[in-house]
Amino acid sequence: MPPQSPISRLPLPQSLQQIPGVWRAHELAPVKARSTGHEALDALLPGGGWPIGALTELIPLIEGIGEVAVLQAALKRLCDEKRHIVFVHPPYIPYAPALLSAGLPLPRVLWIDAAHDEDAHWAAEQTLREGAAGAVLLWSHAVADRPLRRLQLAAEAGRSLAFIYRPTVTLHHSSPAALRILLRPAAGALGVEVLKARGGCGGAVLLPVHAHV
């Protein structure tokens, strides 16, 4: 009886490729990441931090609980490295004094406003694909998989940090994001629960986050 071919060589059926959450072997390779600045959170994440070249989905239960501040350490280091941070379609105009207080120099921060969600996705996708920014933060109400998959591919192409903020209603839907995190308020802290982590262990931590931005 001839030896069987390794499973890794078998083509993945087209039907399985379309199922959210099904990953190929090459997608489970070691993840390059940038530390979150919080050891407890790094320990839960693949590669020990925010994944580079992959989409991270953040779902805050309510606004203004530190959903941007949780990224502050990584964003500051990118600015220190002369990389740009791009805010796309945020719910409020970025507040300059708060950015400065968080260590984000204004010349390094770009704000892209968009009239429609589709325009915001297009702007974020193009910015990620070019690889000119160190990180792109997008606020979106998109529910369909396809816009997120396009962002994931753009992040892979540009090797940047890619974050998308979505409302809690999207918890009822699957997500193609490599990392999916729920943010909830806690007494004097921010609750961070890893719902999905490609190659990570998941779990939850409380972080002493101060909402400068």
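The values are calculated or read from the model by the stated rules, or taken from the named source; none is laboratory data. Remember, it's a predicted structure, so these values are computed and weren't measured experimentally. Neighbour counts run over all protein chains shown; Cβ positions are idealised from the backbone, glycine included. Note: accessible area is taken over every heavy atom of the protein model, side chains too, but ligands, DNA and RNA are not part of it. Shrake-Rupley method; radii C 1.70, N 1.55, O 1.52, S 1.80 Å.
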Environment charge of Tyr92, counting only residues whose C-beta is closer than 14 Å and scoring Lys/Arg +1, Asp/Glu -1:
-3
Can you compute the charge dipole magnitude of region 64-213 about its Cα centre, using +1 on each Lys and Arg Cβ and -1 on each Asp and Glu Cβ, nothing else charged? Give it in debye, rounded to the nearest 20.
400 debye
How much FRET efficiency would the formula 1/(1 + (r/R0)^6) give for Ala186 and Ala157, where r is the Cβ-Cβ distance and R0 is 30 Å, rounded to 0.05?
0.25
Quick one: accessible area per residue over region 113-154, 1.4 Å probe, rounded to a whole number of Å²?
50 Å²
Percent of accessible area on region 148-197 owned by carbon and sulfur, 1.4 Å probe?
54 percent
Using a Förster radius of 30 Å, what is the FRET efficiency between Gln126 and Ala204 based on their Cβ-Cβ separation? Nearest 0.05, please.
0.30
Sum up the charges of everything whose Cβ sits under 11 Å from the Cβ of Glu193, counting Lys and Arg as +1 and Asp and Glu as -1, but leave Glu193 out.
+3
Quick one: if the Förster radius is 30 Å, what FRET efficiency do Ala98 and Leu195 give, using the C-beta to C-beta distance and rounding to 0.05?
0.60
